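Note sheet for the following structure.
The values are calculated or read from the model by the stated rules, or taken from the named source; none is laboratory data. Predicted model only: the values in this text are computed from it and were never measured. FYI the Cβ positions are ideal-geometry reconstructions off the backbone, even for glycines, and counts take in every protein chain you see. To get the accessible areas, we keep the full protein, side chains included, count just its heavy atoms, and leave off ligands, DNA and RNA. Shrake-Rupley method; radii C 1.70, N 1.55, O 1.52, S 1.80 Å.
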Amino acid sequence: MRVLIVTAVPAERDAVVRGVGATAPELAELPVPGGMLHRLSPAPPAGPPLTVDVLAAGVGPAAAAAGTAAALTAAAVARTPYDLAVSAGIGGGFTTARPAATTPAATTPAAARPATARLGSVVVADAIVAADLGAETPDGFAAVTDLGFGTVEHLPPAPLVAAVAEATDAVRGTVLTVSTVTGSAERAAELLRRHPCAVAEAMEGFGVAEAAAAQSVPALEVRTVSNAVGPRDRAAWRIGEALEALTGAFATIAPLLGTWTFDPEGTRQ
Ligand SMILES: O=C(O)c1cccc(C(=O)CC[C@H]2O[C@@H](n3cnc4c(=O)[nH]cnc43)[C@H](O)[C@@H]2O)c1
């Protein structure tokens, strides 16, 4: 099993490496075009050997896609392709209760409704969605898919999402990818109106997932919440706590990944 974990910045990469490194020392730093992989090889509890490469590819969906594509391609050319690409890092959580108009309560049983992603909590994406990839129209925002091209959603393998979310006690739901960090209550409400199952937003997941999909590699997104999505309040950010939570999450996730292999549908074999 070979896993590529892509973060935006080195602080996130180092937090992930510390977590994975709880069960394995870092082996090597390996250059890839445009970046440096940090390689670890935790001993899986069962099954084939596990290699985890962690890459800080830069902030935003374009940098994430470029870095992911470079690493995936280098591995494929070397005939050691990855089995899974993971977008990991801190993110904004939708920490307030859903406004009545956007709550899918009428149709969704309470247990299935998205939970609130509080500061420091772990979020695992069951859908990775590009929230601002589209066009403004007189009728409001239209996704590129409404315009007849592209894609705005990637779905990680459901059994893996369930296993990772359960093991890390994570909130499970849609994670939005945005190119502009939300800075107002109005924008947060608009995103929730369009994506009622959104639990978090960040800036890289869709880039990682799009690059992975181009090479038929399944993708996962794991975030820890550093701030609330909404009015800008830098004093309220909890980046240190979120990075610690990221380390804790990957200490749990790494051994789990070693027990997984994927068929083309992304189900467990
Ligand atoms: O300047 C601001 O108001 C501001 C607020 C939150 C985050 C930022 C960043 O520049 C961080 C971008 C970086 O971290 C991830 N991230 C963390 N929180 C959020 C968020 O609320 N919305 C989107 N991205 C977030 C993101 O993935 C980037 O890698 C600035």
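Measure nothing but the geometry: give the 0 to 90° angle between the long axis through the Cα atoms of 158-168 and the longest principal axis through the Cα atoms of the chain, rounded to 10°. Compared with the principal axis, the helix lies near 90 degrees.
Amide H contacts of Asp126 (H built 1.01 Å from N, in plane; Pro and chain starts excluded): Gly173, Thr174, Val175 sit under 5 Å, all sequence-distant by 5 or more or on other chains. Helix 10-20 and the longest principal axis of the Cα set of the chain meet at an angle near 60°. Using a 1.4 Å probe on the protein chains only, how many percent of the accessible area of the chain belongs to carbon and sulfur? Percent of accessible area from carbon and sulfur atoms in the chain: 57. Between the C-alpha center of the range 43-67 and that of the range 170-240 there is a gap of 19 Å. If you take all other residues with their beta carbon under 14 Å from the beta carbon of Leu55, and give Lys and Arg +1 and Asp and Glu -1, the sum is -3.
Packing-based ranking of 25-38, 163-176 yields 163-176, 25-38, ordered from highest to lowest mean Cβ neighbour count within 10 Å. Each principal axis of the Cα cloud of the chain was taken in turn, and the coordinate range along them, longest first, works out to 50, 37, 36 Å. Only Cα pairs under 8 Å and 6+ residues apart enter the sum, and on that basis the relative contact order of the chain stands at 29 percent. Judged by the gyration tensor of its Cα atoms, with axes a ≥ b ≥ c, the range 130-195 is oblate; a/c meets the 1.5 cut and b/c is at least as large as a/b.
Electrostatic bookkeeping for Gly89 treats Lys and Arg as +1 and Asp and Glu as -1; over the other residues with beta carbon under 13 Å from its beta carbon, the sum is -3.
Amide H contacts for Gly35 (H built 1.01 Å from N in the peptide plane; partners 5 or more residues away or on another chain; cut-off under 5 Å): none found.
Computed from Cα atoms, the angle from the helix 205-214 axis to the main principal axis of the chain rounds to 60 degrees.
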